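Take a look at the structure set out below.
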There are 4 protein chains.
Amino acid sequence: MSTSPAASRAGAPAEGRALRARGQRTVRKLLDAGVDVLATRGYHAARVDDIVKAAKTSHGTFYLYFSNKEDLVRALVRDVGETMAAHADTLGALTPDDAGREELRRWIADFGGMYRKYASVIRSWVEAEIDTHEFGHLGADVLGGFAAVLTDRIATSGAPVEDAGNAAVVVVAMIERCNYYASVGQIRSDPDELADSLARAAHLALFGAA
Amino acid sequence: MSTSPAASRAGAPAEGRALRARGQRTVRKLLDAGVDVLATRGYHAARVDDIVKAAKTSHGTFYLYFSNKEDLVRALVRDVGETMAAHADTLGALTPDDAGREELRRWIADFGGMYRKYASVIRSWVEAEIDTHEFGHLGADVLGGFAAVLTDRIATSGAPVEDAGNAAVVVVAMIERCNYYASVGQIRSDPDELADSLARAAHLALFGAA
Amino acid sequence: MSTSPAASRAGAPAEGRALRARGQRTVRKLLDAGVDVLATRGYHAARVDDIVKAAKTSHGTFYLYFSNKEDLVRALVRDVGETMAAHADTLGALTPDDAGREELRRWIADFGGMYRKYASVIRSWVEAEIDTHEFGHLGADVLGGFAAVLTDRIATSGAPVEDAGNAAVVVVAMIERCNYYASVGQIRSDPDELADSLARAAHLALFGAA
Amino acid sequence: MSTSPAASRAGAPAEGRALRARGQRTVRKLLDAGVDVLATRGYHAARVDDIVKAAKTSHGTFYLYFSNKEDLVRALVRDVGETMAAHADTLGALTPDDAGREELRRWIADFGGMYRKYASVIRSWVEAEIDTHEFGHLGADVLGGFAAVLTDRIATSGAPVEDAGNAAVVVVAMIERCNYYASVGQIRSDPDELADSLARAAHLALFGAA
DNA sequence: TATGAATGAGCCTTCATTCAT
DNA sequence: AATGAATGAAGGCTCATTCAT
């Protein structure tokens, strides 16, 4: 039902101390419950009460490990962010030919896979990004990381774009948003098809027709 | 300070009755105040109290015209949505040459202009779209309208894309998201530059190099 | 739909001044509307807004003739009370024979007729009698009047009861409450049958078997 | 000051979970406070705030155990209703002689005792019975129970009444209403005297003179 | 005389957080 | 380490009453 990203990390209250096995199990239960609740109710509608109920634990216990709801989500977002950031680097060299497009496609497809896996957490940071800047920054950092990697690859690829940074942002935007559309059901296309469309468009946007 | 979209529309409670001049002025004051408050606090953090204070009116008055915050935002979103939808149709024929790109650029720039003008309302519907499906639908409808127009133009342009619908979605996604990035300050680029980058990328993605 | 009792009497604000034809019409409209609304919503749930809507007039107008909701209901209750009080006196001499029971039956049946006619107003005073003592007193006065008349007739009838006053109260209680049960549908019996049962029980209670 | 009927029962929110000692004490405090507040202010005028103040607890706590004022009163009424219903059955065989009247008197006196004990709750259900049909039904059920038992006893007593059901209703009406009059001070008579008057009248109404 | 608009006190309910055991 | 209970600030909504035209 729920796939907590790393579940290895508790929030502020638990920061300093070493958790014994039982404590770690409780933290994981809470994080998993958080993922479930975020998925069903969304960030703003999620109540601590929902989470502790889903985790079959108590309010008191929740605050033993997290200082508040935000803290739990932050832990979640942090983990997801790191996982995704780690992935950004896997993008290889970009070339104008089919091999380049294939590489791009692989990268995009992987991004999509992660997006689907962590959709509820990612949507939370999108939802929260306006009022709570911290999450926004976290999200921005992740996307910024993607854009940075892509900027580098574009710059070294000799693609005939005016400004590699701008081009990268545009491509990241299209990838992110299409995955979002798909995740909320605003468009209906299977992962492969989506990756195809995105890779083709992105490759064309960077290199033009072969 | 605030630019209410059309400000002609009250919510459910005022639906049946005809408003006199004074009532209409009050509705407009409330809508304008709503825009301001959404801009500063965001949808979720906005309280009815903030809005009536900004409108220099009373709680009771608010509920005379809107059944709650959601109702007011709905009126706002509706107007913005209609304004934007009306704009979608202005896209002319797309061609592989510079004229085609110019046309696309104009359309994109206009979209950006509206996006900037109504940013607070649009962000609200993005923010609200997860828990309140109605707003999501409204947003989806608007974007769907853009995608539909674009699909049509792509289909009749003879662009060498595999699926006009998919291509249109990708392009709309990139346009929307980049404007969003710009509006929340996640990227820093002036409107012209943004429109340029988007138009170039979109045109390339559709037609490849000239 | 509504049968306002006398509709001749406005509330406090209109007390001193003479109403012209139009004003009188408005008062009547409001009183009639009051009866309707009390019938459908009950005293506590009735809002001034309901009444003015039913009367097709405005809030401002309402307060031109009544100082508040209570005032309107008071006028209604007063009229009903007077009408009923006037009726109490019509009870003739009570005798142990069939003629006496017939007379009692007539009186009870007439009471029932009025009860049915003014049910919504009467229910209002029952409903209001706990918190607003004034209405309670009004209701008590009416019932007190009935009891007084009955006490007198019992005393002069030579009925073998220990205390005429107590007996009268018991009989009034049974008459009132049964009509109430019937009016709210708690018992289902037609007026004639109800009057029969009550007259028989009351006559027996006063005089025993013939 | 307050005599909560059974005080064993919480409202909807506490339905599922088992309450510990402290929670049970709190529920009882709230129910007792409810009884007090109903007695002093009546159902409609009672505010949740009054109840929590009287119970020396907080708003939040109230909603931990009851979903609203109605819910608390429902619990109260339910208990009173059950207590009274249980009592209805204690009525023994009715006979035309003095023993029969004595039995009736005992039953009536017991009813009066309970009425006095639970007066505030009973008045609440009378007060509330018009708008909230549920309470009305509860009250009707209780009275219906009394009437049913009485109907049975009348039917098996060979009393010369035309319709046992009608006669029972009439008697229940007189008992209920006289107790009500006494409880709101509309008549002034001590319990014994009241029971005497009622028993005599009821017995006569059923069996006529000895 | 009539009316639509405005007001704001009053009450209700939720939920994040703390506390005692 | 865990838990059930308690708290109260925050915000929502209604409706009787007043006001300006």
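A few notes on this one:
- Residue pairs whose Cβ atoms lie under 8 Å apart, separated by 6 or more positions or on different chains, with the first residue in the stretch B:141-153 and farther than 10 Å from B:D89 by Cα and within 11 Å of another protein chain (Cβ to nearest Cβ) and the second among the charged types (D, E, K, R) and part of a helix (DSSP H, G or I), are B:L143/B:E176.
- Selection status of D:T83, out of contact with any Phe, Trp or Tyr (no Cβ under 7 Å at 6 or more places or on another chain), modelled with pLDDT of 90 or more, under 18 Å from D:R200 (Cβ atoms) and away from every other protein chain (no Cβ under 14 Å): no
Residue-by-condition table, conditions (1) of a type in the set (S, T, Y); (2) modelled with pLDDT of 95 or more:
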{"residue": "C:A140", "(1), (2)": "no, no"}
{"residue": "C:V149", "(1), (2)": "no, yes"}
{"residue": "C:D152", "(1), (2)": "no, yes"}
{"residue": "C:T156", "(1), (2)": "yes, yes"}
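- Within the stretch D:29-49, being surrounded by fewer than 16 Cβ atoms within 10 Å (Cβ to Cβ) and more than 14 Å from D:K69 (Cα to Cα) holds for one residue alone: D:T40.
- Test: residue in the stretch B:2-17 that is of a type in the set (G, A, S), within 15 Å of DNA strand F (Cβ to nearest atom), within 14 Å of another protein chain (Cβ to nearest Cβ) and surrounded by fewer than 19 Cβ atoms within 10 Å (Cβ to Cβ): no
Listed here are the residues, each with its yes/no results for (1) surrounded by fewer than 17 Cβ atoms within 10 Å (Cβ to Cβ); (2) aliphatic (A, V, I, L, M).
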| position | (1), (2) |
| --- | --- |
| C:K53 | yes, no |
| C:F66 | no, no |
| C:L72 | no, yes |
| C:A88 | no, yes |
| C:R101 | no, no |
| C:R106 | yes, no |
| C:A119 | no, yes |
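- For the stretch C:154-180, taking the residues that are more than 12 Å from chain D (Cβ to nearest Cβ) and part of a loop (DSSP other than H, G, I, E, B), the one that is nearest to C:T95 (Cα to Cα) is identified as C:S157.
- Top-ranked residue in the stretch B:40-72 [being within 27 Å of A:V126 (Cβ to Cβ), away from chain A (no Cβ under 14 Å) and of a type in the set (V, I, T); ranked as nearest to DNA strand F (Cβ to nearest atom)]: B:V48
- Lone unmet requirement of (1) away from chain A (no Cβ under 14 Å); (2) touching a residue at least 24 places away in the same chain (Cβ under 8 Å); (3) away from DNA strand F (no atom under 13 Å from the Cβ) for B:A99: (2)
- Of the criteria (1) more than 22 Å from B:Q24 (Cβ to Cβ); (2) part of a helix (DSSP H, G or I), which one B:T90 fails: (2)
- When B:D152 is tested against (1) more than 25 Å from A:V172 (Cβ to Cβ); (2) crowded, with 17+ Cβ neighbours inside 10 Å, just one condition goes unmet, and that condition is (2).
- A search for C-beta distances below 8 Å between a residue of the stretch A:182-210 that is facing chain B (nearest Cβ under 8 Å) and any residue that is crowded, with 19+ Cβ neighbours inside 10 Å and of a type in the set (D, E), counting only pairs 6+ apart in sequence or on different chains, returns A:V184/B:E129.
- Flag for A:A93 being free of Cβ contacts under 8 Å to residues at least 40 places away in the same chain, away from every other protein chain (no Cβ under 14 Å), within 21 Å of A:T156 (Cα to Cα) and away from DNA strand F (no atom under 16 Å from the Cβ): no
The values are calculated or read from the model by the stated rules, or taken from the named source; none is laboratory data. Predicted model, so just to flag it, every value in this text is computed and none were measured. Please note: Cβ atoms are built from the backbone with ideal geometry, for glycine as well, and neighbour counts cover all protein chains shown.
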